[in-house]
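Student: Could you have a look at this structure, given as structure tokens, before my questions?
What follows is calculated from the coordinates using simple rules that are stated; it is not laboratory data. Here the structure is a predicted model, which is why all the values come from computation and not from measurement. Glycine gets a Cβ as well: all are built from the backbone with ideal geometry, and neighbour counts include every protein chain shown.
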């Protein structure tokens, strides 16, 4: 049975369980999930910050088009985010194989890197608000065994830069400057600021989020 909610509807343009959990953690459980499958290939000479923002905007646009016919556009908010790990201007991929994850970890070993998350919120009437958050992370020098053991855990699967700071890789991090939650995948302070600034009022209680299938 449905529980009480206000008239605002939040759509998360992501299938990431981490982002879903983080939104729930701060009291903004989404009403709908609308994962946006887009081409995530970086453009030639595209900088990491521009890349993150472009993907977040595209995800928000795709999700908005998917739900706008079914939901009231005057009360619907679509939230999208994209997280990028970079060394200098070099964008590290989202690890989709053992080999890619291994290459990422070897590149990150003993080095500083940046984690950037672009957050885009499309509010009523399609008004767009954006934030780009950067965190600097230092990783210790990893032994071959540490890399092999981490790869065996499969925590790297689908993760930007081939690691998840909230898991076993947290023991690899020797320093962090900026938002920890940004590295997990969603900067909480900035995300809430976007929602509050756009006039979104969270529900007191809600059902589990429904997934909106791609058309």
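Student: For the chain, take the convex hull of the Cα atoms, compute a quarter of its surface area, and give me that in nm², please.
Tutor: Average projection, Cα convex hull of the chain: 12.1 nm².
Student: Any chance you could give the angle, 0 to 90 degrees and rounded to 10, that helix 144-153 forms with the longest Cα principal axis of the chain?
Tutor: Roughly 30 degrees between the two axes.
Student: Go ahead and set up a Gaussian network model of the chain, Cα springs under 10 Å, then flag whichever of 132, 108, 71 fluctuates most.
Tutor: 71
Student: What's the center-to-center distance, using Cα atoms, between segment 84-142 and segment 164-190 in Å?
Tutor: If you average the Cα positions of each part, the centres end up 11 Å apart.
Student: Can you tell me the relative contact order of the chain? Whole percent, Cα pairs under 8 Å, sequence separation 6 or more.
Tutor: Computed value for the chain: 28 percent relative contact order.
Student: Just to be sure I understand: of the beta bridges DSSP finds with both ends in segment 1-140, what percent are antiparallel, rounded to 5?
Tutor: Expressed as a percentage, antiparallel bridges in segment 1-140 total about 80.
Student: Rg/Rh for segment 79-138: what does it come to with C-alpha atoms and Rh from Kirkwood?
Tutor: 1.12
Student: Starting with the highest mean, order 44-50, 133-139 by the number of other Cβ atoms within 10 Å, averaged over the residues of each peptide.
Tutor: 133-139, 44-50
Student: If segment 15-142 were replaced by its equivalent ellipsoid, with semi-axes equal to the square roots of 5 times the Cα gyration tensor eigenvalues, what would those be, largest first, whole Å?
Tutor: 30, 15, 14
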